[in-house]
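First the structure, in the form of structure tokens, and then the observations on it.
The values are calculated or read from the model by the stated rules, or taken from the named source; none is laboratory data. Remember, it's a predicted structure, so these values are computed and weren't measured experimentally. Cβ placement follows ideal geometry from the backbone for every residue including glycine, while neighbour counts extend to all protein chains displayed. SASA here: full protein model, heavy atoms, side chains in, ligands and nucleic acids out. Shrake-Rupley method; radii C 1.70, N 1.55, O 1.52, S 1.80 Å.
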Amino acid sequence: AIQLISEANRIALRVARIEFRKAFGLAYIYWSTMSLIYTILYIAIYEFRITALMSNIGNAIIMAVVGTSYGLIFVLTIVKRFKRAFMIANPNYPRKPRWRYLLNTYIGLILIMLFIGAYMVLSLTSTPAMFTLASMVLNTSFAFVVAFFLMYRPMVNLGVKVRYYDYLAWVTYIVSVLLGPLYYVAYYVYPIFWIFAGTMSLLEVIEGGRD
């Protein structure tokens with residue numbers, strides 16, 4: 001009986017890791033499209049000469065709208081897949097009441113809004129050079145938090161092996177947003193590696209996971 005339980009737990013953990021990798025693949029591809037959405041919006045703004053948005057404040061407003069929309073869709077769709085993976089691995093994984101789930105979502109959105117608000121304040125009170133420097137610091141700090149606390153740690157906690165394409169995705173993300181305020185084209189570098197990482201993750205799932 002003990003052996004059967006042990007085997008069942010091993011299978012459940014393997015299924016959970018595959019489910020987690022699938023969610024990661026979808027997340028990579030999903031977030032890689034955000035730069036494209038920004039580009040389409042900026043082209044539309046300049047094409048139709050919407051002068052109210054052709055400024056640092058306008059950029060912050062666009063960031064707020066797109067970032068919040070992407071975050072909400074992500075929470076309502078892909079986040080559920082990550083939660084399912086942890087529940088498969090551990091049936092005792094805490095099932096948060098709906099109000100706590102929504103509270104955590106709102107807290108996350110508030111933090112994003114504070115991040116964007118800092119941009120808006122800087123755009124009004126700082127020189128172009130100071131704005132660029134502060135943007136680099138804010139971008140890099142945000143990217144590190146995302147890469148380490150929201151990607152690396154959950155993956156390691158579940159025992160999912162970190163692949164080379166994960167490291168490529170995280171490093172290029174941090175470097176891209178660091179250099180973005182200096183060279184805007186840098187923002188288009190990391191999505192290429194995220195699409196690659198997402199594709200490789202989904203291929204790994206199709207192959208049934210790899211040791």
Worksheet, complete the sentence: Within the range 157-170, residues open to solvent by 60 Å² or more (accessible area, probe 1.4 Å), in contact (Cβ under 8 Å) with a residue 12 or more places away in the chain and part of a helix (DSSP H, G or I) come out as L168
Practice prompt. Return the only residue of T39, T51 being under 20 Å from Y190 (Cα atoms) and among the β-branched types (V, I, T).
Written response: T39
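Could you tell me whether the range 126-137 includes any residue that is of a type outside the set (K, R), within 20 Å of G71 (Cα to Cα) and in a helix (DSSP H, G or I)? Full working, then the answer.
Residues of the range 126-137 of a type outside the set (K, R): 126-137.
Then drop every residue that is not within 20 Å of G71 (Cα to Cα), which leaves none.
No, the conditions are met nowhere in the range 126-137.
Restricting attention to the range 8-31, does a residue exist that is among the β-branched types (V, I, T) and more than 23 Å from D166 (Cα to Cα)? Spell out how you get there, then give the answer.
As a first pass, look at the range 8-31 and keep what is among the β-branched types (V, I, T): 11, 15, 18, 29.
Checking the rest, the ones that are also more than 23 Å from D166 (Cα to Cα) come to 11.
Looking through the range 8-31, at least one residue is among the β-branched types (V, I, T) and more than 23 Å from D166 (Cα to Cα).
Could you check how many residues of the range 178-191 are open to solvent by 80 Å² or more (accessible area, probe 1.4 Å), assigned to a helix (DSSP H, G or I) and either small (G, A, S) or in contact (Cβ under 8 Å) with a residue 40 or more places away in the chain (or both)? First the steps, then the outcome.
Quick first cut of the range 178-191, residues open to solvent by 80 Å² or more (accessible area, probe 1.4 Å) only: 182-185, 188.
Keeping just the survivors that are assigned to a helix (DSSP H, G or I) gives 184-185, 188.
Going one step further and asking which of them are either small (G, A, S) or in contact (Cβ under 8 Å) with a residue 40 or more places away in the chain (or both), we end up with 188.
Residues that pass the stated criteria total 1.
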Discussion item. Aliphatic (A, V, I, L, M), in a helix (DSSP H, G or I) and modelled with pLDDT under 75: is that true of I88 in this structure?
Written reply: no
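Return the only residue of F196, F142, F148 being at pLDDT 95 or above and not in a loop (DSSP other than H, G, I, E, B). Don't jump to the end; show me each part of the working.
Values: F142 fails: at pLDDT 95 or above; F148 fails: at pLDDT 95 or above.
Sole residue among the options that is at pLDDT 95 or above and not in a loop (DSSP other than H, G, I, E, B): F196.
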Worksheet item: In this structure, is Y119 surrounded by 14 or more Cβ atoms within 10 Å (Cβ to Cβ), modelled with pLDDT of 90 or more and part of a helix (DSSP H, G or I)?
Response: no
Worksheet entry | Selection within the range 1-54 - among the basic types (K, R) and either open to solvent by less than 90 Å² (accessible area, probe 1.4 Å) or not in a helix (DSSP H, G or I) (or both) | R17, R21, K22, R49
